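Accompanying notes for the structure given below.
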Amino acid sequence: MASRYRNTWFRQGAAPPGAAPRFFSGFAWTYALAQIPGGRLVDTFGPRLVHAWALIGWSVMTALGSLAKGFGFLFASRMGLGLFEAPAFPCNGRVAASWFPRAERGRAVAGYTSGPLEGGGVSALAWPSR
């Protein structure tokens, strides 16, 4: 999604000058700042509940981003996406440590760590850029 906006929105002049770095940092800052609070939520409420709510929020923010007509709304949706995506990694770590036997934890961690990279590779093959 982000590359689509970079290729059209910013190049066509629809975004304010110098907006691209701020736009792309909106997700990163909220994601980074919400990691520790997300881990605390996992410790308090457990990975099932936190991951469920995070996934709902993550999906809502993704949908709102597709409806954005201006930079402010799009930036806010990206910040919200980072906020709701942040608890996913602590949830995955807790699940791997708690639900998998010691001998299988490496495989579990490899699965959730490599999944986004594999998904990006598959999507690049399925939808090549112009």
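Points to keep in mind about this one:
- Among the conditions (1) modelled with pLDDT of 90 or more; (2) closer than 19 Å to Gly39 by Cα; (3) of a type in the set (S, T, N, Q), Thr113 misses just one, which is (1).
- Sole exception among (1) open to solvent by less than 50 Å² (accessible area, probe 1.4 Å); (2) more than 24 Å from Ser114 (Cα to Cα); (3) assigned to a helix (DSSP H, G or I) for Gly38, by number: (2)
- Against the conditions (1) open to solvent by less than 50 Å² (accessible area, probe 1.4 Å); (2) farther than 23 Å from Ala63 by Cβ; (3) touching a helix residue (DSSP H, G or I) at 6+ places or on another chain (Cβ under 9 Å), Glu85 satisfies every one except (2).
- Residues of region 88-130 classified as open to solvent by less than 80 Å² (accessible area, probe 1.4 Å), among the basic types (Lys, Arg) and either farther than 24 Å from Arg40 by Cα or outside any helix (DSSP H, G or I) (or both), total: 0
- Pairs are defined by a Cβ separation below 6 Å, a sequence spacing of at least 6 or placement on different chains, a first member in region 45-72 that is part of a helix (DSSP H, G or I), and a second member that is open to solvent by 60 Å² or more (accessible area, probe 1.4 Å); the pairs so defined are Pro47/Arg94; Val50/Leu41; Ala54/Phe84; Gly57/Phe84; Trp58/Phe84; Met61/Phe84.
- Criterion violated by Phe71 - all others in (1) at pLDDT 90 or above; (2) among the aromatic types (Phe, Trp, Tyr); (3) in contact with a helix residue (DSSP H, G or I) (Cβ under 7 Å, 6 or more places away or on another chain) satisfied: (1)
- Test result for Leu64, surrounded by fewer than 16 Cβ atoms within 10 Å (Cβ to Cβ) and modelled with pLDDT under 95: no
- Qualifying residue in region 103-111 (condition: in contact with a Phe, Trp or Tyr (Cβ under 9 Å, 6 or more places away or on another chain) and within 30 Å of Ala20 (Cβ to Cβ)): no
The values are calculated or read from the model by the stated rules, or taken from the named source; none is laboratory data. Keep in mind it's a predicted model, so treat the numbers as computed, not measured. Note: ideal-geometry Cβ built from the backbone for every residue, glycine included; neighbour counts use all protein chains shown. Ligands, DNA and RNA are excluded from the accessible area calculation, which covers all protein heavy atoms including side chains. Shrake-Rupley method; radii C 1.70, N 1.55, O 1.52, S 1.80 Å.
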